[in-house]
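The values are calculated or read from the model by the stated rules, or taken from the named source; none is laboratory data. Fair warning: this is a prediction, and the values are worked out from it, not measured in the lab. Cβ placement follows ideal geometry from the backbone for every residue including glycine, while neighbour counts extend to all protein chains displayed. Surface areas here come from the heavy atoms of the whole protein model, side chains and all, with no ligands, DNA or RNA. Shrake-Rupley method; radii C 1.70, N 1.55, O 1.52, S 1.80 Å.
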Amino acid sequence: MALHTLSLSVLSEKLRRREISATELTEAVVSHIERTEPQIGAFITLTPELARQMAKEADARLAEGEWNPLLGIPMAIKDNISTRGVRTTCASRILENYVPPYDATVVARLKQAGAVIVGKANMDEFAMGGSTEYSAFHPTRNPRDLERVPGGSSGGSAAAVASDMAVAALGSDTGGSIRQPAAYCGVVGLKPTYGRVSRYGLIAYASSLDQIGPITKTVEDCALVLQVIAGKDPMDATSVDVPVPDYREALRPDVKGLRLGVPKEFFEGVHPEVAQRVQEAIAALEEAGAEVREVSIPMAEQGLAMYYILAPAECSSNLARYDGVRYGLRVGAEKGHIGMMEATRAQGFGKEVIQRIIIGTYALSSGYYDAYYLKAQKGRTLLRQEFERVFQEVDVLVCPTAPTPPFKLGELVDDPVAMKLMDVLTIPVNLAGLPGLSVPCGLAEGLPVGLQIIGKPFDEPTVLRVGYTWEQIREAPSQTP
Amino acid sequence: MEVHAQLLTESKMFCACPTRFGDAPNTNVCPVCLGLPGTLPVPNKKAVEHVIRTALALNCRIAPIALFYRKNYFYPDLPKGYQISQYGEVHPIGTHGYLEIELNGERKKIRIRRVHLEEDTGKLFHYLPGESEVDYNRAGVPLMEIVTDFPPDIHSPEEAREYLVQLRAILTYLKVCDGKMEEGSLRCEPNISVAPEGSNQLGVKTELKNLNSFRSVVRGIEFEVQRQIQILESGGQVVQETRGWSEEGAYSFPMRTKEFEQDYRYFPEPDIVPIQITEEWLESLRKTIPELPLAKAERYRREYGLSDYDARVLTADYDTATYFERCVALGVEPKTACNWITVELQARLNETGRAISESPLTPSHLADLVELIQSGTISGRIAKELFDEVFQTGRMPSEIVKERGLVQISDEDALRAAARQVLEENPDAVQKYHAGKTSVIGFLVGQMMKATQGRANPQRAQQLLREELEKFR
């Protein structure tokens with residue numbers, strides 16, 4: 001089997017046994033990228049030379065007997081995560097030539113572990129979108145069906161992993177941007193608990209919702225990447241000082257006695273075949289010993305509305321720094337400072353970004369603040385309380401990741417509401433700050449479906465355990481014809 | 001009155017960059033204070049403590065939780081497109097406080113509306129039309145804003161000055177601000193309006209900027225009051241605006257009109273978790289608050305019998321008060337200590353541009369010197385010369401005296417011999433004396449001091465001269 005198609009855990013075992021070298025693995029991935037990338041478009045920037053250099057360093061460490069699961073593993077990094085010396089564009093014209101002078105904390109941790117960076121993955125501009133079609137540079141195609149979108153906003157990261165152009169990837173998730181593309185591309189994606197992973201160096205979209213997480217081929221791989229990136233960071237005041245457990249210990253195919261909640265609101269309006277696949281998975285988990293019960297989270301139905309107040313409000317402020325003064329695009333320098341800022345922003349941002357900035361500016365304006373921003377915050381508190389209440393009765397929640405299979409490129413570009421509805425099942429998880437995992441769950445209309453597993457704050461171990469169990473059931477030889 | 005005090009912290013409000021003043025442009029900067037994409041603010045605990053301590057010293061109620069907000073506006077000196085600040089009216093650290101001032105022997109409370117924390121912006125330099133540069137060294141430096149309550153309690157330029165003097169003293173006592181108005185680390189912006197005598201209706205106000213000394217505060221307010229009165233008396237209307245003060249020209253000029261209230265779209269800063277101000281924390285901070293200037297001055301008058309003026313001069317600055325108290329603790333009589341400190345020491349410090357805390361002449365030196373005078377070992381004149389030398393070298397006065405033999409001549413025979421010699425050398429003066437012009441004795445004493453290099457006790461010298469003059473008759 002070609003090296004690049006293998007999972008992280010298998011490859012890392014081969015590296016440990018010195019069966020392969022990091023250089024060998026990186027060359028396999030780099031040459032696969034050369035063949036495959038033209039059809040997929042998963043990357044904004046490729047870094048083959050950097051990758052070779054990092055692979056060489058990994059080999060030197062391996063030669064000295066050092067080993068850890070990520071040492072020598074080729075990875076893709078979403079292009080909103082700062083990489084020192086490698087341009088980080090956020091898929092926006094306004095940062096087209098911006099090269100950060102520092103590494104995001106997660107990147108520093110990956111480097112320390114010895115991971116190899118093969119490139120910066122495509123995304124919707126500033127992580128706003130659900131199809132990667134809002135990238136200012138080019139769209140990304142779904143490796144399972146080139147006519148379809150890979151989802152978004154971490155579409156490049158998911159497509160890179162799904163097409164074996166990266167063994168694993170980092171994405172970011174504000175309203176579903178890791179889980180939804182993972183579901184669409186048939187890979188595993190985890191949005192950790194808010195505060196579990198440092199956001200330092202993640203170019204902010206909506207600070208109170210953003211979280212970095214892994215996109216991988218298996219649940220085990222996901223645990224291995226999370227192990228490296230999780231933990232308190234003194235550079236991020238919102239990262240939480242909760243001890244990081246050994247996530248691999250959670251990887252037992254055992255759900256006996258575990259209480260699975262099925263939130264009924266998360267099945268409303270879901271494509272019937274998608275709902276069926278997810279129900280089948282739930283039935284299989286029940287068979288494996290889990291206790292299944294229906295639960296209700298009524299406020300979840302308001303989640304999308306709250307999100308489209310809060311996220312744009314925060315983004316209108318977070319994106320104010322792109323003014324042409326210090327870095328990035330500058331247009332109209334002759335027009336005075338106000339004129340320059342206006343021209344730079346008008347030309348530098350795409351339509352979707354501008355729309356959200358305007359919505360957010362409006363929602364925060366005096367006279368509207370109470371009606372929109374404050375009301376949405378109150379709704380968010382209620383939603384959080386509903387999740388807390390439900391989690392007194394169940395250990396995890398299970399539901400679909402996205403309401404439909406991946407749609408076609410161009411299909412929803414002119415229907416922003418339908419596009420936003422693709423995040424309806426993932427957004428409540430961000431609003432409540434909970435961990436959410438998407439695991440492949442069969443096909444609908446021949447396209448990948450994602451099973452979403454939602455846990456209590458910092459209970460990634462249980463979430464991963466359920467995902468791992470389901471993965472084992474799914475992969476096991478079929479008992480029925 | 002709005003006051004902005006730059007807090008005395010090693011590092012900036014949200015990053016580790018130094019807060020030093022006067023470095024080359026854009027050298028004390030990092031990705032965080034430059035607002036580079038992806039960076040996050042981490043609050044400086046020291047700065048929060050400085051604000052809490054100030055709020056305590058100003059008798060404020062302390063909020064149980066410190067919250068930060070974003071104040072959104074576009075300006076090239078603002079790296080993030082928003083300033084992280086405590087939203088003035090909602091959740092400042094301190095509210096409902098007051099500061100006591102004393103004017104013409106009467107005490108008055110000036111109520112404080114809020115004490116809060118925020119970050120400073122960068123500094124713009126404009127060159128040719130269309131060309132500007134920004135220095136971000138100051139961006140992110142912690143600032144404390146202290147605002148007096150409404151309706152205003154300050155009714156004259158003198159009260160405004162006294163408020164600032166007391167506030168500055170408190171800030172320096174707490175060591176939260178260096179209080180240097182001329183360097184901009186303490187900036188004040190009075191809001192001024194006038195109204196007819198007896199009216200409780202407030203007039204339209206103007207805000208005054210660029211006041212960088214107590215003197216300019218008084219002059220600026222006086223000018224603004226007169227300007228507004230003239231406008232109103234000639235039937236005009238005062239425009240609500242921000243005005244600048246020109247110290248050289250002694251006039252104020254319009255800077256910007258507040259036609260509409262800018263919408264800053266405040267919202268809670270999602271990058272910073274609310275800071276809990278616990279009772280234990282408050283208690284530990286309360287213990288760090290020293291005796292404050294007004295209380296100290298009163299004690300000096302009561303315990304040491306100092307005049308009102310002396311007490312105020314000594315307590316206006318924490319280090320001066322500390323210096324004085326150490327001298328007294330070492331046994332120096334309070335009034336004597338006060339005179340040496342406020343006259344001789346202050347003059348030397350001014351000449352050399354040193355702070356009293358850096359004085360090479362310490363309270364121990366001063367106590368030693370005063371002891372030498374009081375025991376009659378050295379004369380007052382020698383003492384003043386010694387003072388200079390000690391200030392320069394930091395050596396102990398008694399050591400210098402011993403080494404140079406500066407000890408006052410108390411040997412009667414030697415002094416009498418010196419007196420005779422002076423009289424022999426000055427026959428004219430002797431003649432005048434005998435002719436009834438006894439005031440020449442002063443001149444003769446001077447000659448005798450000269451002959452003994454100042455080591456004679458002047459009183460004794462005069463006595464001996466008189467005795468010898470009688471013999472000459």
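One table, with the values for the structure above:
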| read-out | value |
| --- | --- |
| Unique match (being open to solvent by less than 20 Å² (accessible area, probe 1.4 Å), farther than 30 Å from A:Glu96 by Cα, of a type in the set (A, V, I, L, M) and within 14 Å of another protein chain (Cβ to nearest Cβ)) among B:Val32, B:Val48 | B:Val48 |
| Qualifying residue in the range A:343-359 (condition: touching a residue at least 24 places away in the same chain (Cβ under 8 Å) and of a type in the set (Gly, Ala, Ser)) | yes |
| Pick from the range B:267-324, criterion open to solvent by 60 Å² or more (accessible area, probe 1.4 Å) and within 30 Å of A:Ala376 (Cβ to Cβ), ranking: nearest to the other protein chains (Cβ to nearest Cβ) | B:Val273 |
| Positions within the range A:200-255 being touching a Ser or Thr at 6+ places or on another chain (Cβ under 6 Å), of a type in the set (S, T, N, Q) and either farther than 18 Å from A:Tyr102 by Cβ or not assigned by TED's automatic domain parsing to the domain that holds A:Pro100 (or both), in sequence order | A:Thr218 |
| Some residue of the range A:361-370 being modelled with pLDDT under 95, open to solvent by 20 Å² or more (accessible area, probe 1.4 Å), within 14 Å of another protein chain (Cβ to nearest Cβ) and assigned to a helix (DSSP H, G or I) | yes |
| Count of the range A:207-223 residues which are in contact with a Phe, Trp or Tyr (Cβ under 8 Å, 6 or more places away or on another chain) and open to solvent by 10 Å² or more (accessible area, probe 1.4 Å) | 2 |
| Members of the range A:77-112 found to be more than 13 Å from chain B (Cβ to nearest Cβ), within 21 Å of the chain's Cα centre (by Cα) and under 16 Å from A:Leu226 (Cβ atoms), listed by number | A:Arg109, A:Leu110 |
| Positions within the range A:329-342 being under 32 Å from the mean Cα position of the chain (by Cα) and open to solvent by less than 40 Å² (accessible area, probe 1.4 Å), in sequence order | A:Met341 |
| Test for B:Tyr75: is it within 11 Å of chain A (Cβ to nearest Cβ) and without any contact (Cβ under 8 Å) to a residue 60 or more places away in the chain | yes |
| Where a residue in the range A:391-402 is farther than 12 Å from A:Phe267 by Cβ and its partner, wherever it lies, is open to solvent by 10 Å² or more (accessible area, probe 1.4 Å), with Cβ under 6 Å and at least six apart | A:Phe391/A:Lys456; A:Val394/A:Arg259; A:Asp395/A:Leu258; A:Asp395/A:Arg259; A:Asp395/A:Thr462; A:Val396/A:Thr462; A:Ala402/A:Met422 |
| Any hit, the range A:167-178, residues being buried (at least 24 other Cβ atoms within 10 Å of the Cβ), acidic (Asp, Glu) and either within 19 Å of A:Val439 (Cβ to Cβ) or assigned by TED's automatic domain parsing to the domain that holds A:Pro406 (or both) | yes |
| Qualifying position, being not assigned by TED's automatic domain parsing to the domain that holds B:Phe14 and not in a loop (DSSP other than H, G, I, E, B), among B:Leu208, B:Leu202 | B:Leu208 |
| Hits in the range A:183-201 (condition: within 11 Å of another protein chain (Cβ to nearest Cβ) and either open to solvent by less than 10 Å² (accessible area, probe 1.4 Å) or under 27 Å from A:Val449 (Cα atoms) (or both)) | A:Tyr194, A:Gly195, A:Ser198, A:Arg199, A:Gly201 |
